[in-house]
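Each remark here refers to the structure printed beneath this line.
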Amino acid sequence: MDDKAVLRARDFWTALVLLAVSVFFLIQTTDIPFLNTKSAGVDSAEWYNSAALVPFGIFGSLLLLSLVLLGVAVRDGGASRALAAAGIGLDGPELRRLTAIAIILFCYIFGLVPRVDFIIASALMITCLIWGFHGGSRSAMLISTFAIMVPALYAAIVHFGRDEWAKPHDDDWVALGAYVVLTAVMFWHARRKHAAMGVVRITPVVAILCPLILVLAMAFGFRQNVPNRTGLLFKQIEYHYYVTVKPLFQGK
């Protein structure tokens, strides 16, 4: 079995996970008033001010990308290869990969996002997905899965209730520590294995810039709600935006 067939089989399982996640959150987003001008007898704002705008855009794009990935995997024989491997059981490489991706996404969505600073949580998740699955290394996959499970379990256990989500930032610091340690391990592992450093070097840049740009656009561009506005990093960003940056443009 050549490398392309194995990669397409992995793409098939990945596409199914992303498809399920995107459909789930699109369904959840429909509870937010969007096209209707009235909700519970109260006039809502115009559609472009709706809190559903950004979630619809993000998860709609994720749905389209997962369908494209699924189509490519099926066309190149990845589906048949993946389904054949399913008969091996949970020890099969494709099913291990699927399980790890599902755990990472579950920890991120249900453990980190409601409780941990969005930038930190997203940077950790992106690093886990890029490094853990780019090169096909089993050790990288296991380390990445463990790295996000620890802060997610800590946040969920210590700050389980909704009234605990905006409490002190101990869970933010745990997630930030996990991200720093994972990034350091990623560089050490690449040098030890004499692997190509291109992806390793660009991963921290992508992991930080993507959620940073997204959260800035959501909070100050589209004026949307941001998960955990009291997070360690976003609280400082929001403070300096209103106290330092905004007055400069207002001539104060």
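Remind me, relative contact order of segment 118-252 in percent, using alpha carbon pairs under 8 angstrom and six or more residues apart?
Relative contact order here is 34 percent.
Can you give the net charge of the other residues whose Cβ lies under 14 Å from the Cβ of residue 145, counting K and R as +1 and D and E as -1?
Local charge sum for residue 145: +3.
So, R0 is 25 Å and r is the distance between the beta-carbons of residue 236 and residue 209; what FRET efficiency does that work out to, to 0.05?
The formula returns an efficiency of 0.90 here.
Note the full-extension length gain between residue 138 and residue 199 as 0.36 nm times their separation in residues minus their Cα-Cα distance, in nm to one decimal.
Full extension of this stretch gives 20.3 nm more.
Where a number appears in this text, it was derived from the coordinates with a stated rule and is not lab data. This one's a predicted model, so the numbers in the text were calculated from it and none came from an experiment. A quick note on method: Cβ atoms are made from the backbone with ideal geometry, for glycine too, and the neighbour counts reach across all protein chains shown.
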